[in-house]
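Quick notes on the structure that follows.
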Amino acid sequence: MSVVDIKDLQISFATDAGTVTAVHDVTLAVQAGEVLAIVGESGSGKTVTARSILGLLPETARVRGAVVLSSKDGTDEHDVVPLSGAKLREVRGQDAAMVFQEPSTSLNPVYPIGWQIAEGLRAHGKYTKKEARAKAIDVLRRVGIPDPEHRVDHYPHQFSGGQKQRIVIAQALALDPGVIIADEPTTALDVTVQAEILELLRRCRDDFGAAIVLITHNMGVVADLADRVAVMYQGRIVEQADVRTLFSAPKDPYTQQLLAAVPRLGQGVERTRERATRRAAGWERAAPVVEATDLRIVYPGRMRRPDFVAVDGVSFSIRPGEVLGLVGESGSGKTTIGRAIAGLTKVSDGSLAVLGTEMNGMKERTFRPVRERIGFVFQDPASSFNPLLTIADAVAEPLVVHKRAKDPRAARPRVDELLEAVQLPKAFGDRYPHELSGGQRQRASLARALALQPELLIADEPTSALDVSVQARVLELFAELQRELGFAALFISHDLAVVDLLADRIAVLYRGELVEEGTGAEVLGAPKHPYTQRLLASLPVPDPDEQARRRTHWDALRAAD
Amino acid sequence: MTTTTTERTGSSADPAGTPDPAPRLRRKGSGGLGSYLLVRFLLIFPTIFILVTTVFFLMRATGDPITAALGGRLPADQLAERVREAGYDRPLFTQYLEYLGNLVQGDFGTTLSDRRPVLEVLTTFGIATLELTVYALIVAFIVGIPLGMLAAYSRDRFPDAVLRVFAILCYATPVFFTGLLLKLVFASGLGWLPVAGRASTGTEIELQFLENPTGFYLIDAFQTGDWDVISDVLEHAVLPALALGLLTAGIFLRLVRTNMIGTLGTGYVEAARSRGVAESRLLRKHAYRPALIPIITVIGLQIAILLVGAVLTETTFEWKGLGFQLAEYLQARDFVAVQGIVVLLAVIVAVTNFIVDIIAALIDPRVRY
Amino acid sequence: MATVTSVPTAAGPGSEPTAAPRRRRSWRRLPVVHQLRQSVGLQRGMLVAGLVLVGVFLLTALFAPLLAPYEYAQLRDADGLFGAQQPPSGDHLLGTTVGGYDVLSRVIWGSRTALYVIVVGVLLSIVAGVLLGLVSGYFGGWLDRVLVVIADAVYAFPALLLAIIVAIVISGGQSSLWGGILAAAISIVVVFIPQYFRVVRAETVRIKAEAFVESARVIGASNRRIMLRHVLRNATRTLPLILTLNASEAILTLAGLGFLGFGIQPTAAAEWGYDLQQSLPDVTSGIWWTSLFPGLAIVLVVLGLTLVGESLNDLADPRLRTRRRVADQEPAEEGEVAAVPGGALTRGAAGVGGLGVTVAGERPGDPAPAGATGAEPADGQGAGPDVTGQDGGGTRS
């Protein structure tokens, strides 16, 4: 029995530039109790499709086709497309419920969570305050919120990110819907938390009997949770298959390309070995470009609040031409270390030598000449370029600042060279940043960072805001340039697979402390620290069978905790 | 937005998700509230100090108040005598220190024209201004907030367009012109309402004879229990309250609209919608309460506008309050009185801002817990 | 964001032919022109109406000598005295005032005075406010703290009261044309400097943390270069709209001063507020023309300026821009957001308002209540309603 039946769905939006069709002729069915993953990159129309199931589209959307939603007991059927007003509200939450990407924004900050759960109940029937509260406590317990009797009166800001997502799922489960639509439910979360939320979603299916429509761009998540997969590309479904078939024998070229672009653990070992063979003898004895000893960085607490220790007693070194991958979850201090090396954050204690300059107590004046030898690639492609300068002007900036060129125009030949090196057409130099896509901007960012041929490059999550296929190309480019130019690099990422791909050595940070360091083979092959083990086990891999094994392992690890 | 920021604030520094961060957050929160209140309270003093100092030196930059008031009307030697008597011939800084000392003791000076302590002027006329402000705020709340919600709800459609133009007209029109128009139409034109004043002469006299008059005419009118008196007071209040109230209502309308549109577009309203919560309830409950916090903060900043509006409205309607009095003293070139009233008004603004900030902070559960 | 690079994205700036001359693009990026092109429907209507009103005002002010039938201080013509409080007639289309001046002429000449005040007041305050805000916000430290406290104190001060005091200081309360204009303008300057200061400082503080400024720091650019090349222009993107709103406040302050008797004497220049004050007793006796027209003049000019300002504000704020734009196809949307990284007053819940409502939902100078700032309704808005073509797919925010 299908709970959702989408037929010939077409969704278009009225814009100034005419009508833009976001979804073309999508036909899709969700069976009761199954997990259907809709996979695609930005702009593929997957979110729009999923939202149409609940009629949650903006007023400018024009929807054609049918979206038939059945109630959980199968007694009732509605085509959502023509529904509006009270009829539509009746279906929402009751027959299908939604879990959003960002748990922190999908909870109302000024109401207790119990009230918010009760709101959904109240919209679909008569509950006394007491009943609603009891129901809220019950559902909170079932999603694994400890001490629900007490916590039901708490406000969202009193919960951690993972717990917030549990509460959002609880809200969805409260009305016992036939299908839960989960829109990137784990994208905003750290990997270790992601694993737990995925586990909870699995229980939504197993214990609550809800079907799940999982919208995601993460193939690892798909492999972990999905029974069936629909791949969307530019508003169309290009392939539908059960999860094993899709991963083992993708038919559509786009699916193949997408799967090939996903970084996998273990791919890096070969590359690392190859790089190692090309190194000159005595390489290990060269003076390191970066050497941290008992590095400690503290953000002073304001207004009598305690200080926040971002980095605590970390020691590592980066030798010339070496790529150190720094891995950690949010709050681990990885970005702070990168910023400290670039002189953007003060060192509180210990020593950090960058290209021979001690950063503890560094004076900007003395460090400025050193800056010439450091490049930096920022995480967010949207904000890393001055919106008022053209790309060429921005890339010329380091050349002009360090007097290699008189003005941006004089620097243009070199800029063109650089753009070419990062595989951007020269003409892109005349464009403004907003006229480039995220991937193009990150490449331009790389060009700017390399303009002065630095000895050290710091890349802070350079690909985390990009789609998988774009990420693959940027990473490839990075590796290529590193090979050619031979700079040392600190590559910061939350994604183990990405780091593994590029780094000679990997350092794992956990709450400001460096818990493990070694080559990719050592850290990923035989992790010693429990956190590394947990981190590694939490990372879903894009292979359903392998992932099932890993999940068992993860369960065991968790049980041992 | 970026992970960088999150990492730096360390607020989401709890990667595992399972450990209960609540006790830590709660402690941090309440400590934060305590010190916030303290800092915010202490901030009143430099604010007032800066204002007092600025006003003092500005006012004295051109000379002493006696010369300003009487210059040209008295022979030079008499004038000099008066100036010396009042101590205005001493070094400016000495006068400044004395002035500060007096202020601390609650002495805001004595008016030149009618020789009354400024503080007394405040207590006599302040209550009238308070009455006008209360009426205006009632009008503003009744008109501004529901209409703002309506505008946000019907965003970009016809009612919204009309309401926005209405709001802009409300605060684009100088309050005294609104007053003049209202007078033209409803007082001298249609003759429905009185032209000016807080009450007719008969009523004023009747109110004078109360045992303990508050000065708040409406309350006093109720004390008399005489329906004619009450309606007389109310009739006089309608036009000034509307003039000042509409100005404020326009600001409230815009404020509520903007913030409601903000919260109506948030994830949590969308999430509530996805669970079938009715639109009207989304508006009244889910979107309104979070919008309230910034609204209240900004309303605090409107106090200054309200006071200026009151000054102008009182002049327009001969409403004998602080503003009316201020205009009188200005005409009389009594700058001691002007300085006193201005400083007092500034203190009122600073204190009200503080109170409003505290209210806003207390409403926010993120601060409370 | 654009999808796989191998497949070109749909129409939009991203795929604009590179042959497009840059010059054309640059005039389109001019403040008001850019917004006008960007606007739709009701918002465009409001913006156009505002621009028309402002245009009429400017033309009237410029051509006042040609348009006005009489001088502003003219009491008689060849036929003798005009007479006081004459109702509208062929000779005096809008009647005469209690002082015996021609109402129409004074209304027209009044636009000149208003324009002078706007120009002098806004220009002076903008220069000082922007400079102070930029330096204070960029370097921070104790100077910043002191300036913020002062600016906040002055900001909280009722503008008109401050203007009264400054007027007293400058002219002792009596006014020639330039004395009056300067008094009004300087009082406005004193009130406005803190506003510009606050806005520019807040923007500077925000932009300072943007990746592109950090990138300039990493490159090793000097503070001067960063401030001038990267921060200044980005921090002042919102100025056109603050400017229009402050211009309207300038007019209201001038009128308020005039109304309280601190305006410009009728023989020195025409001033609407003064005329309104003079007409106050007329109203009681039912004489409407002396008050109605100068009042309408104020309302229309302020209305025009406010409409322009509010439209600019709405267009700059992705939350407030008419939904049609939000539903736009992704490259454009992304482009707008990126082009105005903070140009939009996204943080401020209220944005910039008229009559000194300039403060957004938060006051930058204040110590933030613990944990409260991070959760303003404005937060997450950028990523909020991208239900449409913008899948929000790979973006970790």
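Rundown of residues vs (1) crowded, with 22+ Cβ neighbours inside 10 Å; (2) of a type in the set (Gly, Ala, Ser), yes/no style:
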site	(1), (2)
B:Leu301	yes, no
B:Thr313	yes, no
B:Trp319	yes, no
B:Leu322	yes, no
B:Gln339	yes, no
B:Ala346	yes, yes
B:Ile358	no, no
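A residue that is more than 11 Å from chain B (Cβ to nearest Cβ) and either buried (at least 24 other Cβ atoms within 10 Å of the Cβ) or among the acidic types (Asp, Glu) (or both) occurs nowhere in region A:118-128. Residues in region B:173-223 that are without any contact (Cβ under 8 Å) to a residue 12 or more places away in the chain and either closer than 30 Å to B:Gly250 by Cα or buried (at least 17 other Cβ atoms within 10 Å of the Cβ) (or both): B:Phe177, B:Leu181, B:Leu184, B:Val185, B:Ser188, B:Gly189, B:Leu190, B:Gly191, B:Trp192, B:Ile219. One residue stands out in region A:503-519 among those that are under 23 Å from the mean Cα position of the chain (by Cα) and open to solvent by 30 Å² or more (accessible area, probe 1.4 Å): the one that is farthest from A:Gly328 (Cα to Cα), namely A:Arg505.
Looking only at region A:82-117, how many residues end up being touching a Gly at 6+ places or on another chain (Cβ under 9 Å), more than 7 Å from every other protein chain (Cβ to nearest Cβ) and part of a strand (DSSP E or B)? Within region A:82-117, residues that are touching a Gly at 6+ places or on another chain (Cβ under 9 Å), more than 7 Å from every other protein chain (Cβ to nearest Cβ) and part of a strand (DSSP E or B) number 1. With respect to the stated conditions, A:Leu399 fails to be under 28 Å from the mean Cα position of the chain (by Cα), over 30 Å from A:Val191 (Cα atoms) and assigned to a helix (DSSP H, G or I). The condition of being closer than 24 Å to B:Val347 by Cα and assigned to a helix (DSSP H, G or I) holds for only one of B:Leu103, B:Leu79, B:Leu112, that being B:Leu103.
Applying the selection to region A:469-487, what residues are of a type in the set (A, V, I, L, M, F, W, C) and open to solvent by less than 20 Å² (accessible area, probe 1.4 Å)? Give the steps one after another, and end with the answer.
Here is the first cut: in region A:469-487, the residues of a type in the set (A, V, I, L, M, F, W, C) are A:470, A:472, A:474-475, A:477-479, A:481, A:485, A:487.
Selection gives A:Val470, A:Val474, A:Leu475, A:Leu477, A:Phe478, A:Ala479, A:Leu481, A:Phe487.
A:Ser464 meets the conditions (1) closer than 30 Å to A:Tyr254 by Cβ; (2) crowded, with 24+ Cβ neighbours inside 10 Å; (3) touching a His at 6+ places or on another chain (Cβ under 8 Å) in every case but one. The failed one is (2).
Inside region B:262-297, residues that are at the interface with chain C (Cβ under 9 Å from one of its Cβ atoms) and open to solvent by less than 10 Å² (accessible area, probe 1.4 Å) make up a count of 8. Taking residues in region B:286-298 that are on the phi > 0 side of the Ramachandran plot, and partners anywhere that are at pLDDT 85 or above and open to solvent by less than 10 Å² (accessible area, probe 1.4 Å), not one pair has Cβ atoms closer than 6 Å while being at least 6 places apart or on different chains. Residue-level check: of (1) over 21 Å from C:His230 (Cα atoms); (2) at the interface with another protein chain (Cβ under 8 Å from one of its Cβ atoms); (3) open to solvent by less than 10 Å² (accessible area, probe 1.4 Å), A:Leu419 misses just (2). Inside region A:259-277, residues that are open to solvent by less than 20 Å² (accessible area, probe 1.4 Å) and out of contact with any helix residue (DSSP H, G or I) (no Cβ under 6 Å at 6 or more places or on another chain) make up a count of 1. Given the conditions (1) farther than 21 Å from C:Ala167 by Cα; (2) at pLDDT below 85; (3) more than 7 Å from every other protein chain (Cβ to nearest Cβ), report the number of the one that B:Leu301 does not fulfil. Among (1) farther than 21 Å from C:Ala167 by Cα; (2) at pLDDT below 85; (3) more than 7 Å from every other protein chain (Cβ to nearest Cβ), B:Leu301 violates only (3). Taking each residue of region B:153-166 that is within 9 Å of chain C (Cβ to nearest Cβ) and looking for partners that are open to solvent by 50 Å² or more (accessible area, probe 1.4 Å) and of a type in the set (A, V, I, L, M, F, W, C) with beta-carbon atoms closer than 7 Å, six or more apart or interchain, yields B:Asp156/C:Leu42; B:Ala161/C:Leu42. For the residues A:Gly429, A:Gly439, the requirement of being touching a residue at least 12 places away in the same chain (Cβ under 8 Å) and at the interface with chain C (Cβ under 7 Å from one of its Cβ atoms) singles out A:Gly439. Of all residues in region A:58-81 being touching a Gly at 6+ places or on another chain (Cβ under 9 Å) and under 17 Å from A:Ile180 (Cα atoms), which is most open to solvent (accessible area, probe 1.4 Å)? Only one residue fits best here, namely A:Asp73. Considering (1) more than 13 Å from chain C (Cβ to nearest Cβ); (2) without any contact (Cβ under 8 Å) to a residue 24 or more places away in the chain; (3) out of contact with any strand residue (DSSP E or B) (no Cβ under 6 Å at 6 or more places or on another chain); (4) not polar (S, T, N, Q), the lone condition that B:Val238 does not fulfil carries the number (2).
Just one of the numbered conditions (1) over 16 Å from B:Arg275 (Cα atoms); (2) open to solvent by less than 50 Å² (accessible area, probe 1.4 Å) is not true of A:Ala132: (1). The number of residues in region C:204-248 that are in contact with a Gly (Cβ under 6 Å, 6 or more places away or on another chain) and open to solvent by 10 Å² or more (accessible area, probe 1.4 Å) comes to 4.
Given C:Leu254, C:Leu280, C:Leu296, which one is part of a helix (DSSP H, G or I) and within 24 Å of C:Leu47 (Cα to Cα)?
C:Leu296
Only one of the numbered conditions (1) open to solvent by 10 Å² or more (accessible area, probe 1.4 Å); (2) over 25 Å from A:Gly328 (Cα atoms) is violated by A:Asp190, and that is (2). Among residues of region C:87-118 being part of a loop (DSSP other than H, G, I, E, B) and in contact with a strand residue (DSSP E or B) (Cβ under 7 Å, 6 or more places away or on another chain), the one that is modelled with the lowest pLDDT is C:His92.
Among the residues of region C:228-257, the one identified as away from chain B (no Cβ under 14 Å), within 25 Å of B:Tyr171 (Cβ to Cβ) and of a type in the set (Ser, Thr, Tyr) is C:Thr238.
Every residue, every condition in (1) surrounded by 19 or more Cβ atoms within 10 Å (Cβ to Cβ); (2) assigned to a helix (DSSP H, G or I), yes or no:
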residue: A:Gln453; (1), (2): no, no
residue: A:Ala489; (1), (2): yes, no
residue: A:Val498; (1), (2): yes, yes
residue: A:Ala521; (1), (2): no, yes
residue: A:Lys528; (1), (2): no, no
residue: A:Ala559; (1), (2): no, yes
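When the strands (runs of 3 or more DSSP E) confined to region A:319-380 are screened for residues that are more than 14 Å from chain B (Cβ to nearest Cβ) and surrounded by fewer than 18 Cβ atoms within 10 Å (Cβ to Cβ), those reaching at least 1 such residues are found at A:349-354.
The values are calculated or read from the model by the stated rules, or taken from the named source; none is laboratory data. Source: prediction; values computed, not measured. Cβ atoms come from the backbone with ideal geometry, glycine included; neighbour counts cover every protein chain shown. Protein only, heavy atoms only, side chains kept; ligands, DNA and RNA dropped before computing areas. Shrake-Rupley method; radii C 1.70, N 1.55, O 1.52, S 1.80 Å.
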